Amino acid sequence: MKEHKKKMAMIIVGILLSLGIIISVSYAWWSHIVSQEGINTIESTCLEIELTDENPIHLQNAYPITDAEAKILTPYTFTITNTCTTTVEYDVNLDIMESTSRLSSEYIAVEFNGETKKLLNTLESVETSYPGSDYTPVEARYLTSGELGANESKTYTIKLWMDESVTVEDDAMNKNFISKIVVTAKQSHKVRLVDYIMSDNETEEFTHEATSQTPALTDYRYTGANPHNYVCFGSEEETCPEENLYRIIGVIPTQEEVGKDKPYENRVKLVKATPYEENESGLYTAIGYAVNTAQNNDWTTASLNTEVLNRVYWNSLGEYQDYIASSVWYLGAITLSQNTRREYTVHNYYHLERGSITAYQGKEISYIANIGLMYISDWGYSINKKHWERFMPENQNILKEDSWLLLHGEKLEGRYFEWTIVPTKDRSHGTIDIGDIFVLENNGNINYMNANRAENVGTRPTFYLKSKVLYESGNGTKANPFRISINE
């Protein structure tokens, strides 16, 4: 009964809580500010962010409620989007406005982004930044900060209510509480590797049409005989060891979850510059690795995948595992009759790799892993763009000299073939159902080979870096490769 009287007293008095939102962007000596009216957009020649919101909070005749009751409140939701290629750093604060009878922040409970409830006055106090003339900020509390790369977004939620600890004895009657969320952004001095590569004038930007497994996607790829795309990965030595040299295939949109409707993220894709050789798995011989000692071309169970690449090689990376993003690998199979089609260009191979044909009935059409191998289309798109409309199995002597990705001659260290991740549609060899995997010959020809064959076949691990990996230094040459770090 006593608690009921306290609530009734607060209802009769009435308290207004309101939450608005503004966004402020500053860089060097200028700033540009807009106030909330639907979607807020700030544009400049080097900085642009966008903010959208929904479910603004308007609590009238408010009274103290329990934490359990607060759980059913609809949160205020806002999304910050960086629509520029410049990486931005941002802070999110809650500015509290002056009013004739302001309710103290010690009586306001806040739940930010689903975290544990806190009293507003316990949050870190920061300088006010709301610039509007309609209200005067007198107090500001820090909520969060972060960094957004090109075209990245971050969504937050917040709930505000009168805490259940407030009583009629507190100075909380006949008061109001007005606040605005303020987002302040500035250009980041950190450069993400993915942004650096996307702005590199050596990369070719182009958009693929949708496939059976993917929507229309835009790549940024290195092409030609010898672009500046070397990366030192796994070593901090002043001169990068040969074993730690990798090359950037490009910035490729990929996913963490299988499904055409799942989110895509631009990630830098690396391939080892030289073949990988390690006998810890017991599978390596002096002549190379087989794809699958079980004598089929099902990549999901292949020993090269599970034992060599995603166990032995993965374990050898140590702390550099943190740089690699688990990603979707497409396992669309190509029939041998398709591979002989005289009109097939690199674009056709790209679509078939992401197509609907599986190597075996009932097998997976895509697969999530840390480490994989290159596609046929990776080789095709590494060729100078002027050759992309050629039929790929033809004119190899021309094509191989105009691609950095193909290892030929001494580059393949005596081996004649190199595995790709692309399976053929199942076929039998005598009475044993083995299945084949496509290989690249060192003359640039696209061929296929029994999955259990190892002789003269090279293997180069391929993987995607996390988007938060940073560019530190280097010009991408073999002598001065890109040096990278990770943004923790």
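The values are calculated or read from the model by the stated rules, or taken from the named source; none is laboratory data. None of the values given here were measured: they were computed from a predicted structure. No Cβ is skipped: glycine too gets one built from the backbone with ideal geometry, and neighbour counts run over all protein chains shown. Surface areas here come from the heavy atoms of the whole protein model, side chains and all, with no ligands, DNA or RNA. Shrake-Rupley method; radii C 1.70, N 1.55, O 1.52, S 1.80 Å.
Taking amide H as placed 1.01 Å from N in the peptide plane, the amide H of Asn176 sits under 5 Å from that of Ser101, Arg102, Leu103, each at least 5 places away or on another chain.
The packing ranking of peptides 350-357, 471-478, highest mean first, is 350-357, 471-478, where packing means the average number of other beta carbon atoms within 10 angstrom of each residue.
Once the Kirkwood radius over Cα pairs is known for the range 282-391, the Stokes-Einstein relation at 25 °C and 0.890 mPa s delivers a diffusion coefficient of 155 µm²/s. For Ile324, the residues whose modelled amide H falls within less than 5 Å of its own, excluding neighbours fewer than 5 places apart on the same chain, are Lys466. Computing FRET efficiency as 1/(1 + (r/R0)^6) for Thr335 and Glu209, where r is the C-beta to C-beta distance and R0 is 22 Å, gives about 0.55.
Less than 15 Å Cβ to Cβ from Tyr130, Lys/Arg counted +1 and Asp/Glu -1: what total charge do the surrounding residues give?
Working: positive: Arg102, Arg141, Lys180; negative: Asp91, Asp95, Glu98, Glu127, Asp134, Glu139.
Combined, the nearby Lys, Arg, Asp and Glu give -3.
Computed FRET efficiency, Cβ-Cβ of Thr122 and Ala225, R0 51 Å: what is it to the nearest 0.05?
Values: r = 61 Å, r/R0 = 1.20.
Working from the Cβ atoms, E equals 0.25.
If you take the beta carbon distance between Tyr360 and Asp170 as r and set R0 to 60 Å, what does 1/(1 + (r/R0)^6) give as a FRET efficiency, to the nearest 0.05?
On the way: r = 71 Å, r/R0 = 1.18.
That gives a FRET efficiency of 0.25.
What whole number of Å gives the distance from the Cα centroid of the range 225-274 to the Cα centroid of the range 95-123? If we compute the Cα centre of each part, the gap is 45 Å.
Whenever you get a sec, line up Asp436, Asp322 from highest to lowest accessible area (probe 1.4 Å, protein heavy atoms). Could you put the intermediate results ahead of the total?
Working: Asp436 0, Asp322 80 Å².
Result, largest first: Asp322, Asp436.
Each of Glu389 and Glu256 was given a label point 7 Å from its Cα along the Cα-to-Cβ line. The distance between the two points is 4.1 nm. Placing +1 on the Cβ of every Lys and Arg and -1 on the Cβ of every Asp and Glu, with nothing else charged, gives the range 85-210 a dipole about its Cα centre of roughly 320 debye. Amide H to amide H distances under 5 Å link Val231 with Tyr246, Arg247, Ile248, Phe482, where only residues 5 or more positions off or on other chains count and H is placed in the peptide plane. Using a probe of 1.4 Å on the protein chains alone, the accessible area found for Ser316 is around 80 Å². Using the average count of surrounding beta-carbon atoms within 10 Å as a protection proxy, the listed peptides 235-244, 70-79, 93-102, 257-266 rank, highest first, as 93-102, 70-79, 257-266, 235-244.
The label point for Ser133 and the one for Thr66, both projected 7 Å from the Cα toward the Cβ, are 4.9 nm apart.
Pairs exceeding a 26 Å alpha-carbon distance, out of Lys180/Lys260; Lys269/Lys400; Lys71/Lys154; Lys272/Lys385; Lys260/Lys400; Lys154/Lys385: Lys180/Lys260; Lys260/Lys400; Lys154/Lys385.
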